[in-house]
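Throughout, read-outs are computed from the coordinates displayed, never taken from laboratory work. These numbers come from a predicted model, not from an experiment. A quick note on method: Cβ atoms are made from the backbone with ideal geometry, for glycine too, and the neighbour counts reach across all protein chains shown.
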Amino acid sequence: MSFSLPDFRRKWSCRGYMSARAAMVTAVVGLSLVLTERAEARKYAAPLDIFGLGTPRPRAAVHSVKIPLPKPRPDEAPEATDEAAPEPDGRPSPDKASPDKPGANKPAEAAPPEKQLSACRLALTEEIAIAPSIPDIRGPGACGGEDLVRLEAIVLPDKRKVSVKPAAILRCTMASAIADWVRKDMVPLAASLGSTISDLDNFDSFECRGRNRVVGAMLSEHGKANALDVRAIKLASGQSIGLTDRTMSRDVRERVLHSVCSRFSTVLGPGSDWYHEDHIHLDLAQRRNDYRICQWNVWDPMPQVAPLLPAERPEDAPPREVAAKPEDKGAADDEAAEKSPAPADKPTADGGKAWQHKPATKKRR
């Protein structure tokens, strides 16, 4: 059987057509399978797709919200202007910020919460003392304190004021203790002297320093605003009660001593150390077991009249004899006895005997 060239070409062209057609059918079937798998995959999330990067999920339906419009501006309302109203002299008002300036639309910062007043601050009213509160003091170091006041005056029960000169920076508790001491103890003392109190001499109050101003010493109660140094209490009559003045009556100073030692935890005065010879230190230091210190010696008053001096030695008096040394005293006595024998006793007019008197010698001290 023989084939011609045209028949061979026709045969191979039919085979190529059939192969191409089969490949096309295969591609169409494969594409339909892929589309079917994707459609099924959209129904279920991929088990290992933990980041949600696989098949896209359908978006939820968005419901439109109708926003209400503002009410129309009433006809009688004044016209709104962006510029600040000018002052009578033509300058813009300073309290209205210009929108062109930086920070004009900056929201106002919230104010810090107010600090609650302590029980002492609520009790220390203007009927007891003129003591306005001052900000807390922080440092340097451990100096400073909280709940501080500036004690300017103490108000007595009869509404008279005792000025604190100069004003003292103290903690509220210390200022309250000073006010009670003056009102309840010093007012009766001044009344017994026939006068009233006018001033309180403040020698020192708050000062950031060590004890007795010694470098490197422990922090003084003055550095904590918990101490006050008092020198005197002045009366309206012009008299001054000097707490360390020895010319002042001892009874008055002892009454002051008993009053302060019963109210304050530390009292230092004359006799404690030489730092407190001219004033009295008072504080409310807290110690273990409520231990208190009261060191104040009330010295005796100075004599009113100076002691008499010995009279001057007259010029015609014989010269004083110098006492012999102890080791030479025995030999000198023996020599004197040998050179000058004792004279015989002479009878007196009344029949007695006159005794021989030895010259007086100065005693050695």
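Charge dipole (Cα centre; +1 on Lys/Arg Cβ, -1 on Asp/Glu Cβ; no other charges) of region 203-252 amounts to roughly 100 debye. Computed extension length for Leu117-Thr247: 42.3 nm, one decimal, from 0.36 nm per residue of separation with the Cα-Cα distance subtracted. A simple count of charges around Asp147, restricted to other residues whose Cβ falls under 10 Å of its Cβ and scoring Lys, Arg +1 and Asp, Glu -1, yields +1.
Given the pairs Lys115/Lys224; Lys115/Lys184; Lys161/Lys224; Lys159/Lys224; Lys165/Lys224; Lys115/Lys161, which span a C-alpha to C-alpha distance of over 23 angstrom in this model?
Lys115/Lys184; Lys161/Lys224; Lys159/Lys224; Lys115/Lys161
For region 240-256, backbone nitrogen atoms closer than 19 Å to the point 7 Å from Asp158 Cα along Cα-to-C-beta are found at 240-241. Electrostatic bookkeeping for Pro135 treats Lys and Arg as +1 and Asp and Glu as -1; over the other residues with beta carbon under 12 Å from its beta carbon, the sum is 0.
With the simple spin-label model, which puts each label point 7 Å out from Cα in the Cβ direction, the Glu277 to Val214 separation comes to 1.7 nm.
Taking label points 7 Å from Cα along the Cα-to-Cβ direction, Val305 and Ile293 give a separation of 4.3 nm.
Electrostatic bookkeeping for Leu156 treats Lys and Arg as +1 and Asp and Glu as -1; over the other residues with beta carbon under 11 Å from its beta carbon, the sum is +3.
Applying both filters, DSSP loop and at most 11 other Cβ atoms within 10 Å, to the trypsin sites (Lys or Arg not before Pro) of region 219-293 gives Arg287. For region 127-213, the list of trypsin sites (Lys or Arg not before Pro) that fall in a loop by DSSP and count at most 11 other C-beta atoms within 10 angstrom reads Lys159. Qualifying GluC sites (Glu not before Pro) in region 187-290, where qualification requires a DSSP coil assignment and no more than 13 other C-beta atoms within 10 Å, comprise Glu277.
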